[in-house]
1. Working only within the stretch B:68-123, note down all residues that are touching a Pro at 6+ places or on another chain (Cβ under 6 Å) and among the polar types (S, T, N, Q).
2. Going residue by residue through the stretch A:52-75, is there one that turns out to be surrounded by fewer than 16 Cβ atoms within 10 Å (Cβ to Cβ), hydrophobic (A, V, I, L, M, F, W, C) and not in a helix (DSSP H, G or I)?
3. Considering the stretch A:208-264 alone, what residues qualify as being over 30 Å from A:Leu190 (Cα atoms) and of a type in the set (Val, Ile, Thr)?
4. Which of (1) outside the structural domain of B:Ala301 (by TED's automatic domain parsing); (2) surrounded by 17 or more Cβ atoms within 10 Å (Cβ to Cβ); (3) touching a residue at least 24 places away in the same chain (Cβ under 8 Å) does B:Thr97 not meet, given it meets every other one?
5. Of all residues in the stretch A:92-124, count the ones that are within 8 Å of chain B (Cβ to nearest Cβ), out of contact with any Ser or Thr (no Cβ under 9 Å at 6 or more places or on another chain) and not in a helix (DSSP H, G or I).
6. Test A:Phe115 against the criterion of being within 23 Å of the chain's Cα centre (by Cα) and not assigned by TED's automatic domain parsing to the domain that holds A:Met148, and give yes or no.
7. Under the condition of being assigned to a helix (DSSP H, G or I) and small (Gly, Ala, Ser), which residue from the stretch A:9-37 is farthest from the other protein chains (Cβ to nearest Cβ)?
8. Could you list, in sequence order, the residues of the stretch A:47-104 that are among the polar types (S, T, N, Q) and free of Cβ contacts under 8 Å to residues at least 60 places away in the same chain?
Amino acid sequence: MDEIMSRKRTSFFTIFWGILALLYFFLPIYGTLDFSLRMERGILGFKAYKIIFADPRFWEGFRYSVTMAVITIIVSAAIFVPTIYWMYLKVPQARPIMEIITILPFVIPGIILVFGLIRTFSRPPLQLTTSTFKTDILMIAGYVIISMPYMFRAVDVGMRSIDVRTLTEAAQSLGSNWFHVLADVIIPNLRLAILGGSLICFATVMGELILADFLVRPALGPYMVRLGLTKAYEPAALAIISYSLTWFSLGLLQFFSSRSERQKQQVITT
Amino acid sequence: MSQMFATRQRKLWREYPLWNWVGLFPFFIFIVFFLVFPSLRLFTGAFTNQEGGLTLDNLKVFENPNVLKAYIMSLQVSAITAFVGGFFGFLVAYSITQGGAPRWMRNVISTFSGLAANFGGVPLAFSFIATIGQTGIITAMLKKACFNLENYGALAQFLASGGVNVSDITNVCPLNPYTYGFSLYSLSGLVLAYTYFQFPLMILTITPALEGLKKEWYEASTNLGATPAKYWRDVALPVLMPSILGASLLLFGNAFGAYATARALTGGSIPLVSIYIGQQIRGDVLGNPNEGYALAFGMVAIMTLTIVAYSLLQRRATRWMKS
């Protein structure tokens, strides 16, 4: 029935707007790819990519951003998994407050958050800008805040799909303590949710500009902007590299979630 | 009634006494340090003077013509991209939900919307520069579509008879957007680039509402003799309106807070509030840090209004999505 209805109403209107959307999606990406390959006049080649991969500042930015992303993911998971677990188990009425708090980074624009962070932590009593190590702590705190809406939602959805209370009581009646309940029972059940949150976290940190720019740390974002000011072809290549990173992490997520779906189905059929 | 409330309270207390909240303290402490303190710093800064006394003087910053210009520009960009992105996104979302687009098209568009809505930032600016910047691929293609007036004798004669100096236009490129005052590095370019992440966001937020439009409503109204236009005016649009308005507000806020794309695309030559605040962080362009806080406070106030209105509308909208 559904199929018949929809087939009947496929019209010029539908096709027109659909194609326009696809063009809007793909033309800029195609344009970037094409442009990035045209550094040498008359031929298509990877010269722009070679230049970027030979640039030590790119690798410095890459290494720095990856390190920051990994630490951010660890800190973020360490904060949110126990907190949300506790919320489910002990204080479910805290949910509205938690939801409002974790949505705040969408309300407070990044530039404002950074403004506040810099002005709060650049002078005593809470000074964190005296050394690069302390600045990095500030960076990670900022990244955790910025990626908080994604991490919270991912873990929250994962936690909802398992019966936290029953699992906890079962584990406790078998004699395990809080730490073991969390580490051996809850977290393995949340693997996919945590992975999902982590990958979005990773993509966010890798593309982030404002924090690193204003705290003057050598992340990938400021490197991109600087390159864009002086070069023509390399930025296009860099954009493609950046897209590949994002798609790689999201593709990975797709892969893992479809695999776990299959496993679930196998469990059901056997 | 009050007794019921009291017993409910007591029950809640027994079930969730205060020490149950202890487990949330590490999270709250983190939030207090890295979200509440910074926000308070801006807030108190906006309403105190250099000596620390309470004052409303800092709000005078909104009389500063440069600040005013930045706010107007930001509001303009946000409103235009919310409208353009919202309209386009709505039509696309309608095509893939109700319009019966082919399955592959539906899949590609919904997958890509999820990606593109988070696309923003510096790479997006680079993509648009490479595609439709001065030397971009599409620009080059459009520039190539030229014709020489000498080859079109009749047209040249016609123009000459109209008093046009034909020898000036030997090479006409009617498709080159740059001859019509378009520039990627101006307002029109910013709108074009922002639309890239605005319309997918519209698709994502409006699709649930469109899926909530029941076929029975259409059938019922046509059975009662309504034309499709009347169905839209009296049934579909009233049901969808809260969702459409809410989604547009979300788009508005999304553009209003954006920084990286504008920075990388225009190098700060377009005076947006976010760019202005960036300059204030770097070098106190206002000459008064407290006025800078007031500037930031104004931005948060607008964002808060937008998001609160959005969630109120969203609550109204979900009435139709249940069941």
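The values are calculated or read from the model by the stated rules, or taken from the named source; none is laboratory data. Quick caveat, the model's predicted, so the values are computed rather than measured. Glycine gets a Cβ as well: all are built from the backbone with ideal geometry, and neighbour counts include every protein chain shown.
1. Start the filter on the stretch B:68-123 by keeping residues that are touching a Pro at 6+ places or on another chain (Cβ under 6 Å), which leaves B:69-70, B:73, B:113, B:116-117.
Passing the criteria: only B:Ser113.
2. Yes, because at least one residue in the stretch A:52-75 is surrounded by fewer than 16 Cβ atoms within 10 Å (Cβ to Cβ), hydrophobic (A, V, I, L, M, F, W, C) and not in a helix (DSSP H, G or I).
3. A:Ile210, A:Val216, A:Val225, A:Thr230, A:Ile240, A:Ile241
4. (1)
5. Count: 0.
6. Details: within 23 Å of the chain's Cα centre (by Cα): yes; not assigned by TED's automatic domain parsing to the domain that holds A:Met148: no.
So A:Phe115 does not fit the description; no.
7. Pass one, the stretch A:9-37, residues assigned to a helix (DSSP H, G or I): A:9, A:12-36.
Those left that are additionally small (Gly, Ala, Ser): A:18, A:21, A:31, A:36.
On the way: A:Gly18: 5, A:Ala21: 4, A:Gly31: 3, A:Ser36: 7 Å.
This residue is A:Ser36.
8. The first filter runs over the stretch A:47-104 and keeps only residues among the polar types (S, T, N, Q), leaving A:65, A:67, A:72, A:76, A:83, A:93, A:102.
Hits for the stretch A:47-104 are A:Thr67, A:Thr83, A:Gln93, A:Thr102.
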